[in-house]
Amino acid sequence: IQITDLKKIYKTEELHTIALNDLSFEVKQGEFVTIMGPSGCGKSTLLNILGLLDNADGGSYKFNGEEVIHYNERKRADIRKKNIGFVFQNFNLIDQLTVFENAELPLVYVGLKKDQRKQIVEEALDKMQILHRKNHFPQQLSGGQQQRVAVARAVVNNPKLILADEPTGNLDSANGNEVMDLLTELNNQGTTIIMVTHSENDAKYSHRIIRMLDGKKVIENSLV
Ligand code: ADP
Ligand code: ADP
């Protein structure tokens, strides 16, 4: 991932907010990078753009060597579905769907057949040690269990990149460390991870910390 002079401005009637102010950095394939910074510094905005959920207003974003900055929603969705997995602070599971159905969703979106989906989903749930709960609904699970389902959902399409937004923010430290171990394992298998967190403990699992302030990068610390 290569972003250069990335700019994002939120315009409302009375106010223009510069959320990203010529932000530049690079993340190599296989890296595990943490983004830190105070509330309002642009972290969520950045993750939305990196995840191709939103467009920037200027600059360059190269994903896998491909300039994606001007892509429309359809083209962004195409890259997103094939390459990117998301893990959120509040798990973002759908309460009306079972554990299995939640984890299956990314594969439904790419149009995989039912029997193929079953095998992949069960394997992912098994890896996350939550397969025994596949017919339960999210509200029947503890927070740590829900996040393991969310990680399974993030990995079923074998993404090159996982974007994690405060993945341990709603977990106690034991469950949080368990989720960080899972992310580390995925990273060891080659998945690139970019994580936003307020937790210095979580950041220690990564290779590098990018610290932001007011939409800019202020410092970079290598941890390896
Ligand atoms: P962080 O995730 O670091 O807390 P955000 O990316 O959410 O920061 O926000 C960066 C800045 O952009 C903040 O000043 C925030 O108020 C503003 N912002 C975020 N989303 C919107 C929006 N949809 N409309 C207007 N301003 C926004
Ligand atoms: P925590 O310690 O994280 O708060 P809970 O007390 O919510 O955990 O849950 C303890 C165990 O009971 C977990 O394994 C959870 O999956 C299970 N559990 C909680 N609520 C339900 C429910 N409504 N139906 C089935 N299992 C449940």
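The values are calculated or read from the model by the stated rules, or taken from the named source; none is laboratory data. What you are looking at is a predicted structure, and each value in this text was computed from that prediction instead of being measured. Methodologically, a virtual Cβ is constructed for each residue, glycine included, from the backbone with ideal geometry; neighbour enumeration extends over all protein chains shown. SASA here: full protein model, heavy atoms, side chains in, ligands and nucleic acids out. Shrake-Rupley method; radii C 1.70, N 1.55, O 1.52, S 1.80 Å.
Straight-line reach only, C-alpha to C-alpha below 22 angstrom: list the lysines that Lys62 could link to, leaving out same-chain residues fewer than 8 apart.
Once the sequence-local lysines are set aside, what remains near Lys62 is Lys7, Lys8, Lys28, Lys43, Lys75, Lys81, Lys82, Lys160, Lys216, Lys217.
Under the definition of Cα pairs under 8 Å and six or more residues apart, what whole-number percent is the relative contact order of segment 15-113?
Relative contact order for segment 15-113 comes out at 16 percent.
Under a Cβ-only charge scheme (Lys and Arg +1, Asp and Glu -1), can you give me the dipole magnitude of segment 74-122 about the Cα centre, in debye to the nearest 20?
440
If you roll a 1.4 angstrom probe over the protein chains with everything in place, what fraction of the accessible area of the chain belongs to carbon and sulfur, to the nearest %?
47
To the nearest 20 debye, what charge dipole does segment 6-95 have about its Cα centre, counting +1 at the Cβ of each Lys and Arg and -1 at the Cβ of each Asp and Glu?
Roughly 260 debye for segment 6-95.
Treating the beta-carbon of each Lys and Arg as +1 and of each Asp and Glu as -1, no other charges, what is the dipole magnitude of segment 1-56 about its Cα centre, to the nearest 20 debye?
For segment 1-56, the charge dipole is close to 80 debye.
Within 10 Å of each candidate Cβ there may be at most 15 other Cβ atoms; applying that plus a DSSP loop requirement, which GluC sites (Glu not before Pro) in segment 172-215 survive?
Loop-located and lightly packed - none at all.
Quick check for you: with a 1.4 Å probe and neighbouring chains kept, what is the accessible area per residue of segment 99-224, in Å²?
49
In Å, what Rg and Dmax follow from the Cα atoms of segment 80-224?
In Å, with Rg to one decimal and Dmax whole: 15.4, 49.
Not counting the cut sites, what is the longest span of the chain without trypsin sites (Lys or Arg not before Pro) that DSSP labels loop and that have at most 15 other Cβ atoms within 10 Å?
Longest run free of exposed loop sites: 114-203.
If you take the charge dipole of the chain about its Cα centre, with +1 on Lys and Arg Cβ and -1 on Asp and Glu Cβ, which of Leu46, Ile130, Val108 is farthest toward its positive end?
Val108
Compute the Rg to Rh ratio over segment 68-144 from the alpha carbon atoms, using the Kirkwood formula for Rh, and round to two decimal places.
With Rh from the inverse mean 1/r over Cα pairs, Rg/Rh is 1.02.
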